[in-house]
Every structure is written in C-alpha cells, then in structure tokens.
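Single-structure report; data block below.
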Amino acid sequence: MGTWATGPFDNDTAADFADALDDAKPEEREALIRGVLTRTVDASGYLTEAEEAVAAAALIAAQCPGGEPVDTSYGPETLMPAFPSDLRPLADEALARVVGDESGLASNWVDPRDGRQWRATLNRLRAVLAPPPPTIPLFDIEP
C-alpha cells in the first residue's frame with residue numbers, strides 16, 4: 001500500500017517497525033528505538049531507515065511533556081518502556097536529518113499540501129523533543 005497519510009505510522013515501513021516493536025521482548029524495545037535513531041543520524045547518503053526514525057521519534061515524543069500519544073491502529077499495540085531522556089536529543093537530530101534530506105522522504109510527496117503537513121508533524125515532534133530552554137527572568141539589583 002505504501003503511504004496513506006502524513007502521520008508517523010501512516011506508511012508500510014513504519015507500521016512494520018511497530019510490529020517489530022510488538023514482537024520484541026520488552027527489554028529489547030529501547031535498543032530497537034535507539035538503533036534506528038543512531039543509524040539515521042550516522043548515515044551518509046540515502047537515509048534507509050527514515051520512516052522508522054520518524055516513528056521512533058513519535059514514540060519518544062509521546063512520553064515528553066506536551067507530547068501527543070501515538071493513537072493509531074498502525075502503531076505499536078504493546079506498552080513501550082519509559083525511554084531515558086538521552087533519547088530525546090538523538091530523536092530530534094534524527095528528525096532534523098530526515099526533514100533536511102531533500103532526496104528522501106521530504107521529496108516523496110506528490111501533493112504539496114501533504115508535504116507541508118508532513119513537515120509540520122515533524123516540526124511539532126521536534127518542538128516537544130527539544131523545547132527551547134526556559135528563560136530566566138532578570139531582576140533589577142539595587143546598588
């Protein structure tokens with residue numbers, strides 16, 4: 001079927017990744033997530049696991065403040081472990097690689113509106129994964 005919508009799990013590859021997570025032992029799921037993100041960040045040339053990286057990032061973002069739950073019939077059915085905080089910047093970096101790869105997923109959209117919606121989804125995920133640092137109020141100090 002290929003790709004049927006713009007969400008993180010709305011394609012065959014990401015749905016297969018969700019199935020692999022469901023089939024894995026609970027203690028192996030974090031390693032699967034970390035592996036796909038690391039390979040995407042470290043890849044040179046074509047990003048062969050871009051769709052899986054987007055799905056993995058969505059699962060991590062779902063556990064962050066402001067994150068949206070992965071609520072799709074194509075996502076994992078089993079409960080994901082609590083992911084360590086060091087996966088957040090890795091997921092953000094992987095998404096930056098995916099959205100910036102003009103010869104990969106970013107260029108595959110036939111309808112430009114779908115491409116914009118897909119990019120907006122990735123931008124929302126990135127905003128949750130790497131929120132801006134809190135501002136520190138400055139106080140006037142009397143001499």
Exercise. Angle between the Cα long axis of helix 50-61 and the longest principal axis of the chain, 0 to 90 degrees, nearest 10?
Worked result: 50 degrees
Exercise. Using θ = phi - 60° and the Karplus form 6.51 cos²θ - 1.76 cosθ + 1.60, what ³J(HN,Hα) does each residue of the range 37-45 get, whole Hz, x for Gly and Pro?
Worked result: 5, 4, 5, 5, 5, 7, 5, 10, x
For this session: Just report the Cα centroid separation between the range 96-128 and the range 55-82, whole Å.
Result: 19 Å
For this session: Starting from the Cα gyration tensor of the range 1-42, take the square roots of the eigenvalues, sort them a ≥ b ≥ c, and report rounded, prolate or oblate (rounded when a/c is under 1.5, otherwise prolate if a/b is larger than b/c, else oblate).
Result: oblate
Seminar exercise, completed: Simple spin-label estimate for Asn108/Glu77, 7 Å along Cα→Cβ, in nm, reads 2.5 nm
Exercise. In sequence order, what are the phi-derived ³J(HN,Hα) couplings for the range 82-99 according to the Karplus relation 6.51 cos²θ - 1.76 cosθ + 1.60 with θ = phi - 60°, rounded to whole Hz, with x for glycine and proline?
Worked result: 6, 7, x, 5, 5, 6, 4, x, 5, 5, 4, 5, 5, 5, 4, 5, 5, 5
Seminar exercise, completed: Calculating Rg/Rh (Cα atoms, Kirkwood Rh) from this structure picks out, from [x] 1.05; [y] 0.99; [z] 0.97, entry [x]
For this session: Please give the contour-minus-distance gain from Arg124 to Ala96: 0.36 nm per residue of separation, less the Cα-Cα distance, rounded to one decimal in nm.
Result: 8.9 nm
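Just so you know, all these numbers are worked out from the coordinates, no wet-lab data involved. Since the structure is predicted, the reported quantities are computational estimates derived from the model, not experimental observations. Counting neighbours? That spans all protein chains shown, and the Cβs are built from the backbone with ideal geometry, glycine included.
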